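Enquirer: Before we start, here is the structure in question, set down as structure tokens.
The values are calculated or read from the model by the stated rules, or taken from the named source; none is laboratory data. Quick caveat, the model's predicted, so the values are computed rather than measured. Here the Cβ positions follow ideal geometry from the backbone for every residue, glycine too, while neighbour counts run over all protein chains shown.
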Amino acid sequence: MSALAAERVVKRFGAVVALDAVSLEVGRGECLGVIGESGSGKTTLLRCFNRLVEPDAGRILVGGADAATLDPIELRRGTGYVPQDGGLLPHWAVRRNVALVPWLRGSAEADDAAERAMRLVGLEPERFGDRRPRELSGGERQRVAVARALAAGPEVVLLDEPFGALDAITRADLQTVFLAIRRELGLTAVLVTHDLAEAFLLGDRIAVLRAGRVEQVGTAAELRATPATPYVRELLERARVA
Amino acid sequence: MGTTALLLLLAIQAAPSRPVVIASKPFGESYVLAEIFAQLLEARGVAVDRRPGLGATEIAFQALRGGAIDVYPEYTGTGLLAILGERPRRDPREVYDRVSREFRRRWGIRWLPPLGFENTYAVAVRRETAERYRLETLSDLARVGPELRAGLTADFIGRPDGLPGLARAYGLRFAEVRALLPAVKYQALAAGKVDVIDGYSTDGLIARYDLAVLEDDRRFFPPYEAAALVGRGLAERRPDAIAALTELSARLDVATMRGLNQRLEVEGEPVERVAADALADLGLTALVGEPTTAAESHRQGLARYLLDRRRELLRMTARHLLLVALSLAGAVAVAVPLGVGLERFSRGAETTVRAVGLLQTIPGIALIAFMIPLLGIGVLPAVVALFLYSLYPILRNTWTGVRDAAPDAVAAATALGMTPGQVLRHVRLPLASPVIMAGIRTAGVINVGTATLAAFIGAGGLGDPIAAGLALSDTHMILSGAIPAALLALGVDGLLGGVERVVRPAV
């Protein structure tokens, strides 16, 4: 049984079809890289998995259960989420930001959980715990965002272009950190990116989306060896990863 | 807390055996007459509540009709033309009989017998203007009117027995007509800013500025006999008050009245002393020799004037602050939740906010006038009017602040499982608090300024000396209200700034 699945999911925004019968699966402990241009529907797909977006047709399965039958608030608290801009609460100190989900669940050890997660992403709680987001660098803020997604110990983490706004060196650092954490915790992850190199580096398999449709899903080797469509071939050539 | 205070105020207003409420219109003679009424009643053992300078004809009469006040001095001609809306009549007796009968029949309001003098409208020009154009009568004025600029009170411009009727009767036209407050009219004429003004025939200021009064040669202005106008119910409640006021019948002649006006408006004597002397001279009260120092201190500079009245000013400032605090607290209690609710639920939010914004376009004095038929006079209608004025800045800022608060943080908090209520409480509201507080501060400062208008419905506060000072052309008196009001505005803003520092989250 797969950890996450989309079955012929359709989503329209007015006249625009954002997702056009999208089907794919993410196995337990697997990281699926989702790649596509702006408007390809990749973020919309990601947001279906924690019910920030409700499909017009089709089903989303989370741990085998139809997501529509799950309580959205509980589902979100049980799913890690890292947005591109960090989305930290500017008026909360770092420790409180990271402790958000354990605190929402009423955990008495929310701060301990937060400090564990901070160490995981390489932030010393003593040094960073009491700072405000404004006092951090861009890379540190994204580390906090990742720590916040992990603090409650979710099985699934959704990442929406998490490192897209960082400079190349910081991005490489964070990618390394993310890879190590994933392996250590055995996380299931969906990582949306517009950077094919990042998708190849972090994803066990890659889904290529174009105009709301899945062009191809496969490992990096499969994509290189047998691009399913001219679009995928062109994408690989342009990105010079073929 | 705001609601409790309002209920308390309602209870106070509805208290059964209240004193006789005596009001006046905002000009010198009306102040003197009302004060004479008040002192006479007090001398006869009747408790009195004074509401000097309550408002122009419309406001004062509405207040009398609604039972908010019991007595104010009025003129028979005004009753006939402005209130009954009838055509002018020439004979004073006929006018008095007509208004007596009609007021009694329609509203149960009585005209007590006339006081003994007429105060009709007068049209005045500078002496040199009269000489240059050889002006003696209003017919002469009609000849050169198109070359002259008129500065007239709003009352006179609007009422049928004022400019519109006069223009018809004499074919009178001016190069320009400006609406001027009674207080600045004479100064504007003396300074040559306008050439023609309206005034009253008993006006003390006509002598002060050595003006030429033009004769009403076609007898357009109807007779304006002064008399006490008494509301329904006073006769049953306090027949002794009616009897006391009737003692004044036909006792004040034109010369006496002009003399009293002159003392008040030209010499700057306090109205209490002018009224007390008048009653003593008429033999209606014993003269209690208590020389006041107000008029003397008047000439010793503003600082001295303010110092001498510090008690009174402190009391008025406290009252002012009460009006502001009650109305602002009420507006915060309504507008903040409404602004938050609009963000969460409503598609018609912008429309709602704009509709509330329309309240802001109602002139303060008009809003306050609307309140009289609904809520009478005093603190309650003033607080309600100020409350309505405070809504918009608070509502607009709350809605905008909550809506636009850190969209990234709101999106992430939602994605991680905060409920909409938690997002509001922990993210939107704290982050919007500086914007909300800015709205409250704006409302507070506007409120302090607008509350000076509360004087016109007898709510007290620092508007009292401003309104009275305007009516009496007394700069010191105006400043004794305006300066504390300005300081109060700064103080309120500073205080709310302190509150803001406490509630604003450290970012």
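Table: residues versus (1) under 30 Å from A:Ala15 (Cα atoms); (2) among the acidic types (Asp, Glu).
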{"site": "A:Glu155", "(1), (2)": "no, yes"}
{"site": "A:Glu161", "(1), (2)": "yes, yes"}
{"site": "A:Thr170", "(1), (2)": "no, no"}
{"site": "A:Val177", "(1), (2)": "no, no"}
{"site": "A:Arg182", "(1), (2)": "no, no"}
{"site": "A:Leu196", "(1), (2)": "yes, no"}
{"site": "A:Phe200", "(1), (2)": "no, no"}
{"site": "A:Gly203", "(1), (2)": "no, no"}
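Enquirer: When only residues in segment A:111-140 that are in a helix (DSSP H, G or I) and within 14 Å of another protein chain (Cβ to nearest Cβ) count, which is nearest to B:Ala409 (Cα to Cα)? Explain how you work it out, then say what you get.
Expert: Quick first cut of segment A:111-140, residues in a helix (DSSP H, G or I) only: A:111-120, A:125-128, A:133-135, A:138-140.
Now narrow it down to the ones that are within 14 Å of another protein chain (Cβ to nearest Cβ): A:113-114, A:117, A:133-135, A:138.
Details: A:Ala113: 21, A:Ala114: 18, A:Ala117: 20, A:Pro133: 11, A:Arg134: 13, A:Glu135: 16, A:Gly138: 15 Å.
Selected residue: A:Pro133.
Results for (1) surrounded by 15 or more Cβ atoms within 10 Å (Cβ to Cβ); (2) at pLDDT below 95, shown as yes or no for each residue.
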position: A:Ser107; (1), (2): yes, yes
position: A:Ala110; (1), (2): yes, yes
position: A:Gly139; (1), (2): yes, yes
position: A:Ala149; (1), (2): yes, no
position: A:Gly153; (1), (2): no, yes
position: A:Leu166; (1), (2): yes, yes
position: A:Val192; (1), (2): yes, no
position: A:Leu196; (1), (2): yes, yes
position: A:Ala199; (1), (2): yes, yes
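Enquirer: Could you tell me which of the residues A:Phe13, A:Phe49 is among the hydrophobic types (A, V, I, L, M, F, W, C), without any contact (Cβ under 8 Å) to a residue 40 or more places away in the chain and either more than 11 Å from chain B (Cβ to nearest Cβ) or crowded, with 21+ Cβ neighbours inside 10 Å (or both)?
Expert: On the way: A:Phe49 fails: without any contact (Cβ under 8 Å) to a residue 40 or more places away in the chain.
Among A:Phe13, A:Phe49, only A:Phe13 is among the hydrophobic types (A, V, I, L, M, F, W, C), without any contact (Cβ under 8 Å) to a residue 40 or more places away in the chain and either more than 11 Å from chain B (Cβ to nearest Cβ) or crowded, with 21+ Cβ neighbours inside 10 Å (or both).
Enquirer: Just checking, which of A:Thr170, A:Thr188 is over 29 Å from A:Val62 (Cα atoms) and among the polar types (S, T, N, Q)?
Expert: Working: A:Thr188 fails: over 29 Å from A:Val62 (Cα atoms).
A:Thr170 is the lone residue from the list that is over 29 Å from A:Val62 (Cα atoms) and among the polar types (S, T, N, Q).
Enquirer: If you don't mind, another one. I want to confirm something. Restricting to segment B:395-417 and keeping residues that are facing chain A (nearest Cβ under 7 Å) and not in a helix (DSSP H, G or I), which single residue is surrounded by the fewest Cβ atoms within 10 Å (Cβ to Cβ)?
Expert: Applying the filter and picking the extreme gives B:Ala406.
Enquirer: Go through the residues of segment A:18-30 one by one and say whether even a single one is away from chain B (no Cβ under 14 Å), under 22 Å from A:Asp85 (Cβ atoms) and surrounded by 15 or more Cβ atoms within 10 Å (Cβ to Cβ).
Expert: Within segment A:18-30, the first condition is being away from chain B (no Cβ under 14 Å), and the residues that meet it are A:18-30.
From what is left, the residues that are under 22 Å from A:Asp85 (Cβ atoms) are A:18.
Those left that are additionally surrounded by 15 or more Cβ atoms within 10 Å (Cβ to Cβ): A:18.
Yes, there is a match, as at least one residue in segment A:18-30 is away from chain B (no Cβ under 14 Å), under 22 Å from A:Asp85 (Cβ atoms) and surrounded by 15 or more Cβ atoms within 10 Å (Cβ to Cβ).
Enquirer: Report whether or not B:Ala486 is more than 15 Å from B:Val336 (Cα to Cα), within 14 Å of another protein chain (Cβ to nearest Cβ) and assigned to a helix (DSSP H, G or I).
Expert: The answer is no for B:Ala486.
Enquirer: Would it be correct to say that A:Gly36 is within 14 Å of chain B (Cβ to nearest Cβ) and at pLDDT below 95?
Expert: Judged against the criteria, A:Gly36 is not a match.
Enquirer: A follow-up question, please. Among the residues of segment B:100-124, write down those that are of a type outside the set (Lys, Arg), in contact with a Phe, Trp or Tyr (Cβ under 8 Å, 6 or more places away or on another chain) and at pLDDT 90 or above.
Expert: B:Ser100, B:Phe103, B:Ile109, B:Trp111, B:Pro114
Enquirer: With respect to B:Ala385, is the statement that it is closer than 25 Å to B:Pro430 by Cα and buried (at least 16 other Cβ atoms within 10 Å of the Cβ) true?
Expert: So B:Ala385 does not fit the description; no.
Enquirer: With respect to the numbered conditions (1) in a loop (DSSP other than H, G, I, E, B); (2) in contact with a Pro (Cβ under 7 Å, 6 or more places away or on another chain), which one is the sole condition not fulfilled by B:Gly67?
Expert: All conditions are met except number (2).
Enquirer: Another one. Touching a helix residue (DSSP H, G or I) at 6+ places or on another chain (Cβ under 7 Å), β-branched (Val, Ile, Thr) and more than 14 Å from chain A (Cβ to nearest Cβ): does that describe B:Thr361?
Expert: no
Enquirer: Just give me the residues in segment A:57-87 being without any contact (Cβ under 8 Å) to a residue 40 or more places away in the chain and facing another protein chain (nearest Cβ under 9 Å), in sequence order.
Expert: A:Pro72, A:Ile73, A:Glu74, A:Leu75, A:Arg76
Enquirer: Take segment B:418-427 and flag every residue that is surrounded by fewer than 19 Cβ atoms within 10 Å (Cβ to Cβ), closer than 18 Å to B:Ala506 by Cα and within 7 Å of another protein chain (Cβ to nearest Cβ).
Expert: If the condition is that a residue be surrounded by fewer than 19 Cβ atoms within 10 Å (Cβ to Cβ), closer than 18 Å to B:Ala506 by Cα and within 7 Å of another protein chain (Cβ to nearest Cβ), then no residue fits.
Enquirer: Just a yes or no: is a residue in segment B:219-231 on the phi < 0 side of the Ramachandran plot and surrounded by fewer than 17 Cβ atoms within 10 Å (Cβ to Cβ)?
Expert: no
Enquirer: Quick one: would you say B:Ile377 is more than 10 Å from every other protein chain (Cβ to nearest Cβ) and not in a helix (DSSP H, G or I)?
Expert: yes
Enquirer: Another one. Could you go through segment B:428-435 and let me know if any residue there is within 14 Å of chain A (Cβ to nearest Cβ), under 30 Å from A:Val53 (Cα atoms) and touching a Leu at 6+ places or on another chain (Cβ under 9 Å). I'd like the intermediate steps shown before the answer.
Expert: Here is the first cut: in segment B:428-435, the residues within 14 Å of chain A (Cβ to nearest Cβ) are B:428-435.
Imposing the further condition that a residue be under 30 Å from A:Val53 (Cα atoms) reduces the set to B:428-433.
In the following step, the residues that additionally are touching a Leu at 6+ places or on another chain (Cβ under 9 Å) were identified as B:430-431.
Yes - at least one qualifying residue is present in segment B:428-435.
Enquirer: From the list A:Ala99, A:Ala93, which residue is touching an Asp or Glu at 6+ places or on another chain (Cβ under 6 Å), more than 29 Å from A:Ser2 (Cβ to Cβ), surrounded by 21 or more Cβ atoms within 10 Å (Cβ to Cβ) and not hydroxyl-bearing (Ser, Thr, Tyr)?
Expert: On inspection, the qualifying residue turns out to be A:Ala99.
Enquirer: Being touching a Leu at 6+ places or on another chain (Cβ under 9 Å) and over 14 Å from B:Asn447 (Cα atoms) is the filter here; which residues of segment B:382-399 pass it?
Expert: Correct list: B:Leu395, B:Thr398, B:Trp399.
Enquirer: Criterion first (in contact with a Gly (Cβ under 7 Å, 6 or more places away or on another chain) and part of a helix (DSSP H, G or I)) does A:Arg95 satisfy it?
Expert: Yes.
Enquirer: Right, something else. Would you point out the residue of segment A:201-215, among those that are of a type in the set (D, E, K, R) and in contact (Cβ under 8 Å) with a residue 60 or more places away in the chain, that is surrounded by the fewest Cβ atoms within 10 Å (Cβ to Cβ)?
Expert: Filtering first and then ranking leaves A:Asp204.
Enquirer: Kindly evaluate B:Ile446 against the criterion of being more than 7 Å from every other protein chain (Cβ to nearest Cβ) and closer than 30 Å to B:Gly55 by Cα.
Expert: For B:Ile446, the condition - more than 7 Å from every other protein chain (Cβ to nearest Cβ) and closer than 30 Å to B:Gly55 by Cα - is met.
Enquirer: Also, quick follow-up: On the basis of being over 19 Å from B:Leu54 (Cα atoms), modelled with pLDDT of 90 or more and in contact with a Ser or Thr (Cβ under 7 Å, 6 or more places away or on another chain), does B:Ala489 make the cut?
Expert: No: the conditions fail for B:Ala489.
Enquirer: Taking segment A:88-107 on its own, how many of its residues are at the interface with chain B (Cβ under 7 Å from one of its Cβ atoms) and over 12 Å from B:Ala413 (Cα atoms)? Lay out the reasoning, then the answer.
Expert: Within segment A:88-107, the first condition is being at the interface with chain B (Cβ under 7 Å from one of its Cβ atoms), and the residues that meet it are A:88-91, A:100-101, A:104.
Checking the rest, the ones that are also over 12 Å from B:Ala413 (Cα atoms) come to A:91.
Total satisfying the criteria: 1.
Enquirer: Do any helices (runs of 4 or more DSSP H) entirely within segment B:169-242 hold 2 or more residues that are modelled with pLDDT of 85 or more, and if so, which?
Expert: B:182-190, B:234-237
Enquirer: Another question about this same structure. Give the residues of segment B:132-160 that are in contact (Cβ under 8 Å) with a residue 40 or more places away in the chain and part of a loop (DSSP other than H, G, I, E, B), sorted by residue number.
Expert: B:Leu135, B:Glu136, B:Leu148, B:Thr153, B:Arg159, B:Pro160 - these are the residues of segment B:132-160 that are in contact (Cβ under 8 Å) with a residue 40 or more places away in the chain and part of a loop (DSSP other than H, G, I, E, B).
Enquirer: Give the residues of segment B:91-119 that are assigned to a loop (DSSP other than H, G, I, E, B) and out of contact with any helix residue (DSSP H, G or I) (no Cβ under 7 Å at 6 or more places or on another chain), sorted by residue number.
Expert: If the condition is that a residue be assigned to a loop (DSSP other than H, G, I, E, B) and out of contact with any helix residue (DSSP H, G or I) (no Cβ under 7 Å at 6 or more places or on another chain), then B:Asp91, B:Gly108, B:Leu115, B:Gly116 are the ones that fit.
Enquirer: Residues that are within 26 Å of A:Asp85 (Cβ to Cβ): list the strands (runs of 3 or more DSSP E) wholly contained in segment A:141-233 that include at least 3 such residues.
Expert: So the answer is A:156-160, A:188-193, A:205-210.
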